[in-house]
Ligand SMILES: Nc1nc2c(c(=O)[nH]1)N[C@H]1C(S)=C(S)[C@@H](COP(=O)(O)OP(=O)(O)OC[C@H]3O[C@@H](n4cnc5c(=O)[nH]c(N)nc54)[C@H](O)[C@@H]3O)O[C@H]1N2
Ligand SMILES: Nc1nc2c(c(=O)[nH]1)N[C@H]1C(S)=C(S)[C@@H](COP(=O)(O)OP(=O)(O)OC[C@H]3O[C@@H](n4cnc5c(=O)[nH]c(N)nc54)[C@H](O)[C@@H]3O)O[C@H]1N2
Ligand SMILES: [Mo]
């Protein structure tokens with residue numbers, strides 16, 4: 001176990017008083033007012049509000065406060081009393097061009113958007129516009145554009161009802177161009193996991209967390225990104241279970257945790273040690289590390305066989321349920337330890353210790369996040385984790401499984417209800433029968449294709465249901481120019497962000513309700529639903545007074561655009577659906593009857609209702625009808641080779657951000673305070689490169705494709721990282737990510753291993 005005490009930047013345990021302090025630092029006293037606390041109390045409970053932050057599931061047996069530090073931050077951030085009104089643009093220094101110099105944090109600090117806005121190129125400012133005028137103009141302009149030149153993007157916030165209608169709008173308009181934030185996130189899972197086990201989502205449910213004997217973490221950081229996960233992890237430790245982590249960085253939530261819901265732990269400061277073993281592998285080293293683990297399992301099985309004791313590998317399961325075993329086993333046996341050690345950065349001894357935990361545990365859950373998905377061979381990373389789990393039958397039985405942890409609160413659900421560019425994922429016959437809408441026969445564009453088309457000048461209109469795409473995508477500089485060249489940009493948003501600052505020739509910002517707010521329509525107050533990481537569907541009822549009387553719900557905005565852009569049809573009852581979201585749920589149920597049976601009746605089930613998952617029952621919806629072992633070709637997930645002076649840059653999240661929303665500058669779990677403009681690097685690497693801790697440096701992308709990608713003004717910071725692996729913050733580092741470097745199977749950008757050089761500021765210019 002690596003000791004966190006010798007970190008150059010030493011943080012305290014996750015949870016505990018630090019999490020309360022973290023909230024108070026951003027929101028001052030306001031966070032603990034009765035009305036704010038009343039809101040937080042409703043989070044993630046039946047007939048309450050499903051948190052707007054991440055997709056971590058909501059337990060059926062909830063506690064009084066079923067939220068975490070980051071859920072509280074996200075909730076309070078949207079509940080701010082600050083408003084970005086049309087008068088904001090009257091100030092002389094608030095031209096769009098001037099605002100491009102602002103930081104992401106400061107843009108969102110202007111508060112909630114209150115009015116629909118249209119960009120005025122003459123004044124370089126947005127100005128208020130009426131809804132009817134805005135929607136009519138958007139409709140007219142969309143109709144003037146060929147359907148395949150329009151793109152309908154969704155970030156994973158909007159509920160299932162609005163998302164279903166958004167996908168319908170795009171298809172009725174004539175395109176499958178429906179990229180989504182998951183294309184930059186867990187698309188590797190959607191494609192890679194489907195390939196090997198026939199499921200685009202994880203196989204684990206809440207009860208499995210309660211029964212697992214061991215959790216193996218690969219590149220997921222629960223302390224920051226899904227803090228409520230720390231409770232079942234602590235419970236696992238309390239019942240004698242083991243946790244083994246593979247991560248280039250020390251993540252505090254995986255080291256120790258003080259349960260903020262336990263008065264005794266809070267008063268005594270008693271922290272639970274989370275990881276029994278913490279393996280700081282090289283970025284991109286997971287394929288080799290997992291191969292090493294599998295090699296140990298195979299050796300142990302051989303030894304057991306020779307000794308006549310119980311086998312280690314679950315041969316009965318493998319014979320009945322899998323393909324590709326022999327080839328994979330041969331690869332494990334042939335694998336050379338020197339190569340495994342070189343590629344993973346871990347010793348044989350360390351890998352043997354981890355394998356021993358795996359072998360001794362009856363039920364194992366493999367957890368992963370962006371550390372596996374965001375690589376050029378991200379899908380192979382996932383296939384390797386599945387190999388490891390399959391060896392001992394750890395998928396599709398209680399207490400075991402594969403657990404990708406999703407990002408946005410409804411990112412998984414949006415895909416379930418049709419936000420997908422691939423036609424084969426869409427029940428085209430049912431869409432035709434229900435709405436008389438023909439799904440266009442060609443696949444549409446996901447993010448990489450859409451950005452390529454944008455940069456090539458082939459996209460003329462872009463509608464964004466949430467998100468901050470310009471800031472989240474690779475090759476951000478190229479995108480900014482391309483984005484502003486479009487005929488029409490429409491952003492449905494709650495707050496100002498950088499994507500608004502590169503308006504198309506005609507540009508609108510349409511402000512929407514947040515999920516915390518009461519959504520009152522002609523049929524009364526509406527419920528929206530979302531799907532969490534465990535495929536559970538939950539209803540959510542907003543209760544706060546909307547931030548402005550001019551806001552509309554996301555669903556109402558989608559139907560407003562649809563009415564303006566599409567020819568009227570008896571089968572497209574946009575007004576009736578807006579009046580009563582229950583009717584939309586009926587349509588979803590008719591479109592996806594297996595997933596959404598008795599939808600309206602079951603949506604308040606405590607903990608949500610389960611949409612079901614074949615792989616959970618060992619039904620494998622793969623080509624062969626079985627789960628597939630994958631024999632790896634390459635031993636790292638980089639997609640590029642090592643070279644002198646070349647580092648692997650991971651773009652990381654701080655504890656004080658939600659994606660491009662930056663709450664503040666205190667990344668207390670990483671021990672970085674007051675700035676995000678840093679590069680974290682191993683002290684020996686700093687010395688070997690002839691640089692100094694604290695010096696100003698610049699990162700230069702080391703890809704020879706004619707594009708100059710640089711980011712300067714960064715403070716070099718000595719940090720406990722493996723040699724050759726460095727880290728900088730997302731989204732600041734997005735200018736460095738080449739669009740061409742993405743998972744070869746799914747297109748997910750390789751944001752966790754970008755080849756870069758580190759140069760002293762001023763050198764070589
Ligand atoms: N507070 C907060 N919560 C969030 C978000 C947020 O920004 N802030 N974002 C939401 C979203 S959209 C998502 S997708 C999730 C993201 O949540 P995570 O999946 O946890 O994503 P990251 O923090 O980007 O990266 C996870 C970990 O991967 C490690 N890592 C990097 N490279 C490698 C590697 O090559 N191998 C291994 N084994 N590990 C590696 C990093 O050190 C990091 O600890 O969180 C969601 N929740
Ligand atoms: N280098 C690098 N790049 C990455 C990543 C990385 O790890 N490294 N991570 C990737 C990942 S995992 C993801 S998911 C993407 C995220 O990409 P996006 O989903 O596009 O970005 P967000 O930052 O989540 O979007 C924030 C904006 O959403 C709007 N918003 C907030 N709440 C709501 C709401 O309820 N409704 C609506 N309509 N709008 C709302 C606000 O205006 C806010 O400014 O970024 C990806 N990009
Ligand atoms: Mo994400």
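Each reported figure results from applying straightforward, stated rules to the coordinates on display, with no laboratory input. Computed from a prediction, not measured in an experiment: that's the story for all the values here. Glycine also receives a Cβ, built like all others from the backbone with ideal geometry; neighbour counts cover every protein chain displayed.
Here are a few things to note about the model shown:
- Fully extended contour minus Cα-Cα distance, from residue 548 to residue 140, at 0.36 nm per residue: 144.2 nm
- A Förster distance of 60 Å, applied to the separation of the beta-carbon atoms of residue 91 and residue 299, puts the FRET efficiency at 0.30.
- When region 665-750 is reduced to its Cα atoms, the Kirkwood hydrodynamic radius in Å: 14.2
- With all projection directions averaged, the alpha carbon convex hull of region 626-679 covers 7.2 nm².
- Extents of region 316-396, taken as max minus min of Cα coordinates on every principal axis and listed largest first, are 35, 27, 25 Å.
- Spin-label model distance (nm) - residue 83 vs residue 525, 7 Å beyond Cα toward Cβ: 2.2
- Over region 168-265, all Cα pairs binned in 10 Å intervals from 0 give whole-percent P(r) values of 12, 33, 31, 13, 9, 2, listed from short to long.
- Per-selection Kirkwood Rh - region 407-520 (Cα, Å, 1 d.p.): 15.9
- Scattering curve values for region 314-453, log₁₀ I(q)/I(0), Debye with Cα scatterers, q = 0.08, 0.09, 0.13 Å⁻¹: -0.36, -0.45, -0.84
- Taking the longest Cα principal axis of the chain as reference, the axis of helix 16-27 is set at about 20 degrees.
- Our helix-only sum for the chain, with -39,500 (n - 2.57) per DSSP H run of n ≥ 4 divided by its residues, gives a mean residue ellipticity at 222 nm of -9000 deg cm²/dmol.
- Separation in nanometres of the label points that stand 7 Å from Cα toward Cβ, at residue 149 and residue 433: 3.7
- Stokes-Einstein, applied to the Kirkwood radius of region 362-414 over Cα pairs at a viscosity of 1.567 mPa s and 4 °C, places its translational diffusion at 108 µm² s⁻¹.
- Whole-number D in µm²/s for region 591-690 (Stokes-Einstein; Kirkwood sum over Cα pairs; 4 °C, 1.567 mPa s): 65
- Look at the alpha carbon pairs under 8 Å that are at least 6 residues apart: their mean separation over the length of region 18-160 gives a relative contact order of 16 percent.
- Angle of helix 69-78 to the longest C-alpha principal axis of the chain, folded into 0 to 90 degrees and rounded to 10: 10°.
- Order of 109, 384 - criterion: other Cβ atoms within 10 Å of each residue's Cβ, fewest first: 109, 384
- Segment residue 715..residue 106, full-extension length gain: 217.1 nm, with 0.36 nm per residue of separation and the alpha-carbon distance subtracted.
- Note on region 233-344: the C-alpha convex hull projects to 9.9 nm² when averaged across all orientations.
- Hydrodynamic estimate: the Kirkwood radius of the chain over Cα pairs, inserted into Stokes-Einstein at 10 °C and 1.306 mPa s, corresponds to D of 60 µm²/s.
- Spherically averaged projected area in nm², based on the convex hull that wraps the Cα atoms of region 27-155: 11.8
- Averaging the sequence gap over all C-alpha pairs within less than 8 Å and six or more residues apart, then dividing by the number of residues, gives the chain a relative contact order of 22 percent.
- For region 523-638, the spread of Cα coordinates along the three principal axes comes to 57, 35, 33 Å, biggest extent given first.
- Cα-based helix-to-principal-axis angle, 286-307 vs the chain, degrees rounded to 10: 40
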